[in-house]
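*Asks:* Take this structure first; my questions come after.
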Amino acid sequence: MFAESPPAEKQTDIFVPAFALRRSHNANFFGNAKLTGFYYAEDFAFIPYYITKDSGGVYPEIEQRHFRAEMLLQGRKPHILYTGEGNLKKLIETISYKKERSSKVTTTYYKDAMGLFNCPVAIVPMDEEGMRQLRILSVPDYRQRLMKNLLGEDYLPPTSNLFDGRTKSENFIIGFDCNILRFENAVKSKKPTSIFVLPSQEDYVAKLVDGTNAKCFVIKFADAERYFGLPHELPSLDRTPFQTGKGGYVDVPLLGKNKKAGR
C-alpha cells in the first residue's frame, strides 16, 4: 500500500506519505503545508490532515496550491480528509475547538477552513466505522447515484452546492462525508431539508437539526455497502513485519501517550 511516489497508472489503494515526497524532492517541497500524504482511489486523491487540539490551524489557499499539482493528483479529483484520535464525537470536538492564540497568528481554524477549500472535505475517524465510511466515499459519484435512486422521478438537480438534490418542496443531502460546516449552513435554509447519514453520524446530526426545518435519516452501513456493491467484511490487516532488502526486519513499537521518542 505504501509508496514513495504517486502511481504512474490508475492504481488504487496506494498511499504516499508527505514525508516521502519531501524526501524525494527537497526539504521545502511542501513548505509549511500540513497535509500528511495522498491516498489514491479510483476517482479521488484523498488528502488526510491529522488534527489535534494543539494544531494551530491551516492556510487553505497555500495547501491547495500544493496538492492541486497534476503530478500529485495523477488525473484524480482532490478530496480532503480530516482525521485524528478518538471516535467521531471526539474528532468533531477536536476539529471544532478554537485554541486561544496570538493576534499575529493568521491561520484559519480547521472547521472554518472546511468552507474555504475548493474541493470536498470529509471527517473520517480512525476506527472500523471510519474505514467503512472511507470505502463508500471512494465510490465514484456515490452521492448523485444514491440521491437519484432515493428520489426517483421526483429528483431535481440542486440549486446550491449545499445540497445534493431536491424535489419541488424539499432539499436533500447525502451526508456520508460528515461535513459539519455544510450541515450547519444547510439547516439554516427556510426550505425543509432531509439529511441522510451513516449510523455513527446520527447523534451529532440529530442534535444539530433539532428545532430546525431539517430532518435526519439514517442509512445502515450494510444497506449502503450492498447498494454500492461493497463487501460487508473489511480487509484483514497485514501485521507481517517490514523486511528490508538485506533480509532484516524493522520493528516500530507503539509509544505511550506520556512517553517521548528518543533518538
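The values are calculated or read from the model by the stated rules, or taken from the named source; none is laboratory data. What you see is a predicted model, and the numbers here were worked out from it, not measured in a lab. As a convention, Cβ positions derive from the backbone with ideal geometry for all residues, glycine included, and neighbour counts pool all protein chains shown. Areas reflect the complete protein model, heavy atoms only, side chains present, ligands, DNA and RNA absent. Shrake-Rupley method; radii C 1.70, N 1.55, O 1.52, S 1.80 Å.
*Asks:* Just one of (1) touching a residue at least 12 places away in the same chain (Cβ under 8 Å); (2) loosely packed, with under 13 Cβ neighbours inside 10 Å; (3) among the charged types (D, E, K, R); (4) under 19 Å from residue 22 (Cβ atoms) trips up residue 70, so point out which.
*Replies:* Status for residue 70: all satisfied but (1).
*Asks:* Can you tell me how many residues in the range 201-242 are assigned to a helix (DSSP H, G or I) and among the polar types (S, T, N, Q)?
*Replies:* 1
*Asks:* Continuing with the same structure: Mind checking whether some residue in the range 116-126 is in contact with a Ser or Thr (Cβ under 9 Å, 6 or more places away or on another chain), aliphatic (A, V, I, L, M), more than 17 Å from residue 45 (Cα to Cα) and surrounded by 17 or more Cβ atoms within 10 Å (Cβ to Cβ)?
*Replies:* For the range 116-126, residues in contact with a Ser or Thr (Cβ under 9 Å, 6 or more places away or on another chain), aliphatic (A, V, I, L, M), more than 17 Å from residue 45 (Cα to Cα) and surrounded by 17 or more Cβ atoms within 10 Å (Cβ to Cβ): absent.
*Asks:* Sticking with this structure for a sec: Just give me the residues in the range 214-249 being modelled with pLDDT of 85 or more and farther than 30 Å from residue 149 by Cβ, in sequence order.
*Replies:* 246, 247, 248, 249
*Asks:* Separate question: Report the residue count in the range 171-191 for those that are in contact with a Ser or Thr (Cβ under 8 Å, 6 or more places away or on another chain), at pLDDT 95 or above and outside any helix (DSSP H, G or I).
*Replies:* Of the residues in that region, 3 qualify.
*Asks:* Now a separate question. With the condition kept exactly as written, say whether any residue in the range 108-115 is crowded, with 20+ Cβ neighbours inside 10 Å, closer than 17 Å to residue 218 by Cα and touching a Ser or Thr at 6+ places or on another chain (Cβ under 6 Å).
*Replies:* No, the range 108-115 contains no residue that is crowded, with 20+ Cβ neighbours inside 10 Å, closer than 17 Å to residue 218 by Cα and touching a Ser or Thr at 6+ places or on another chain (Cβ under 6 Å).
*Asks:* I'd like the residue in the range 127-154 that is of a type in the set (S, T, N, Q) and under 20 Å from the mean Cα position of the chain (by Cα) and, out of all such residues, is least open to solvent (accessible area, probe 1.4 Å).
*Replies:* Checking each candidate, the answer is 133.
*Asks:* Report whether or not residue 252 is among the aliphatic types (A, V, I, L, M), under 27 Å from the mean Cα position of the chain (by Cα), modelled with pLDDT under 95 and within 25 Å of residue 85 (Cα to Cα).
*Replies:* The answer is yes for residue 252.
*Asks:* Which is out of contact with any Lys or Arg (no Cβ under 6 Å at 6 or more places or on another chain) and surrounded by 21 or more Cβ atoms within 10 Å (Cβ to Cβ), of 174, 195?
*Replies:* Answer to the check: 195.
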